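One structure is given below, encoded as structure tokens.
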Amino acid sequence: MAFALSTFLAPAHADTIIDHANGYTLTAAGALQRFTSLGFDDLGRVIAVGSEKDTAARLPDAQHIDAQGKTLLPGLIDAHGHVFELGEIASGVDLFGATSLGGAVRAVAEFSRTHPKNAWIVGYGWNQEVWKLGRFPTAAELDAVVNDRPVLLHRVDAHASWVNTKALEMAGIGKDTPDPAGGKIERDATGKPTGVLVDSAMELVNKVVPLPTPAQARGTLDNALAALAKVGLTSVHDAGIKVAQDDLYRDYADHGKLTTRVYAMIGDTAGDFDELAREGPLKSYANDVYALAAVKLYSDGALGSRGAALLSPYSDMPSTKGLLFYPNAEMLVKMNKAMKAGYQVNIHAIGDAGNRQILDAYAQLIPQYKNVQLRHRIEHAQVVAPEDIPRFKALGIIPSMQPTHATSDQNMAEHRVGPERIKGAYAWRTFLDQGSRIACGSDFPVESPNPFEGLHAAVTRQNNAGVPAGGWYKNQAMTMTEAFRCFTLDAAYAASQENVIGSLEPGKWADFILVDRDIFKVAPEQIGKTVVLQTWMGGKRVYKR
């Protein structure tokens, strides 16, 4: 008996076959493979992939579901995101769509009016580059609409905060407050803070924001999981968590509520690391639903706020080279601590100086620990000196990159680094041609979590509006199969999970999605418009449109 796609229910405990699918997966070698039928057992593991006849022979007592010719793909994987931050957006001021300073201020004013009981006004997504300001916004501009409560607004790249005077006062930030290591307090000519805090200076305000209640934390995670399932993400790498978030992940995993697999990274090697690492890396928990086997560190800031550390001054601001968060010796101590404990080390590095600092440290530590098999990573690898790119391959370092960063940054990136350094920026083709395996992600909520927008950017080097015509530095684009690999099998490889997820092969988990179009046949401009119809994780449906 076959069930219509629009009416079937997710099986509870039965072998299942999805028939009449327009299926695509990857072989272990990364080659594209077609199929029409997928069979999986009552535990949620793939038994057979191929024709209807083949899968029926393997699972003779299975229930059959008719995919009605819809395209079936392995569940997509985002190798770099921030799950709780994604969930928090729903409860704060959304500034991602603000196209002007005035529009952003009005959004803050309206949110403040409609949320009179909020002790803090918190928001996300502002971008002064889009506003064509030529400067950062100021506390005074926020004070004009909210001066009785603290306002904390996170920049789109999460590497700068815009606050009002009340927030500065509550954090004790004044003319005499020194810039913290790895951070900067923006000031006027007299030394008075103007209301923008860059990189580690953000923590001066963050530490006085009240912690979420347990109910709020659960609501935040619920929001995020719903958003991830809706866009077809069956696994994400959460780039930096703390003890409370680990506790919540384990609780959700224990109770079957973790509807997206999470490969988490411990944020830094300070206090939370000491507690979370007492029993060593957690490589698999609750049937591969959760893992905590990596550490996330920061080398530098972001390009948009000129916090990324460059070897030479910024082309559009010769007075600065950006900021390294830590001197080389201190960074080496942090990396050594994580490696000694057996953790994969994944380090945010955006500027060419930041990337070089980390490559130099890896070159020293990996031979010492002989642990190249942990597949250490550089997160973003955004602007890399061309002579340093081959070092990724030589050292076995995975470039964990986000395709939509290139298409979002095209409006300012070359202004920041000039026409020569841009040749080593967002250089996906250069990495692929030397044999590096790129792990793709989005850095959500900095960018949309929708992986189809990432696939579109990877193939076209254009944003959602098709800009620029012909693609931005199109010579660095990926093929469709390469992009598909970097959001599936290679992202799984970057978490040492390629034997359990990343493709639909016998023995792996039945993580898959049904979508409304064939991404391998539609025009490239249509890829980002793909709609997810259903999301399945471990043989259980977790989302239906």
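The values are calculated or read from the model by the stated rules, or taken from the named source; none is laboratory data. Small disclaimer: the values here were computed from a predicted structure and weren't measured. Note that each Cβ is placed from the backbone with ideal geometry, even for glycine, and that neighbours are counted across all protein chains shown. Quick note on the areas: whole protein, heavy atoms, side chains included, nothing else; ligands and nucleic acids left out. Shrake-Rupley method; radii C 1.70, N 1.55, O 1.52, S 1.80 Å.
The table below lists the values:
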| read-out | value |
| --- | --- |
| Residues located in segment 138-147, provided they are surrounded by fewer than 21 Cβ atoms within 10 Å (Cβ to Cβ) and within 18 Å of M202 (Cβ to Cβ) | T138 |
| Count of residues meeting criterion [within 18 Å of A457 (Cβ to Cβ) and either open to solvent by less than 50 Å² (accessible area, probe 1.4 Å) or assigned to a strand (DSSP E or B) (or both)] in segment 521-545 | 7 |
| Subset of segment 340-371 [within 27 Å of G81 (Cβ to Cβ) and open to solvent by 50 Å² or more (accessible area, probe 1.4 Å)] | R356 |
| Residue, nearest to L374 (Cα to Cα), within segment 499-520, restricted to residues that are open to solvent by 40 Å² or more (accessible area, probe 1.4 Å) and of a type in the set (D, E) | E505 |
| Odd one out for L292 among (1) in a loop (DSSP other than H, G, I, E, B); (2) among the aliphatic types (A, V, I, L, M); (3) in contact with a helix residue (DSSP H, G or I) (Cβ under 7 Å, 6 or more places away or on another chain); (4) touching a residue at least 40 places away in the same chain (Cβ under 8 Å) | (1) |
| One residue from S400, S299 being touching a residue at least 12 places away in the same chain (Cβ under 8 Å), under 30 Å from Q462 (Cβ atoms) and touching a Leu at 6+ places or on another chain (Cβ under 7 Å) | S299 |
| Odd one out for D94 among (1) touching a Ser or Thr at 6+ places or on another chain (Cβ under 9 Å); (2) modelled with pLDDT under 95; (3) within 30 Å of H380 (Cα to Cα) | (1) |
| Condition broken by I185, with the remaining ones in (1) open to solvent by 20 Å² or more (accessible area, probe 1.4 Å); (2) at pLDDT 95 or above; (3) under 28 Å from the mean Cα position of the chain (by Cα) satisfied | (1) |
| Residue within segment 515-530 that is touching a residue at least 60 places away in the same chain (Cβ under 8 Å), touching a Pro at 6+ places or on another chain (Cβ under 8 Å), of a type outside the set (G, A, S) and within 18 Å of A21 (Cβ to Cβ) present | no |
| Out of T320, T269, sole residue that is β-branched (V, I, T), open to solvent by less than 50 Å² (accessible area, probe 1.4 Å), over 29 Å from N499 (Cβ atoms) and part of a loop (DSSP other than H, G, I, E, B) | T320 |
| Segment 327-339 - residue that is open to solvent by 30 Å² or more (accessible area, probe 1.4 Å) and in contact with a helix residue (DSSP H, G or I) (Cβ under 7 Å, 6 or more places away or on another chain) and, of those, farthest from Y426 (Cα to Cα) | N336 |
| From D238, D274, D246, D251, residue being open to solvent by 50 Å² or more (accessible area, probe 1.4 Å), modelled with pLDDT of 95 or more and either of a type in the set (F, W, Y) or not in a loop (DSSP other than H, G, I, E, B) (or both) | D274 |
| Any chance A309 is under 23 Å from V446 (Cα atoms), assigned to a loop (DSSP other than H, G, I, E, B), modelled with pLDDT of 95 or more and open to solvent by less than 50 Å² (accessible area, probe 1.4 Å) | yes |
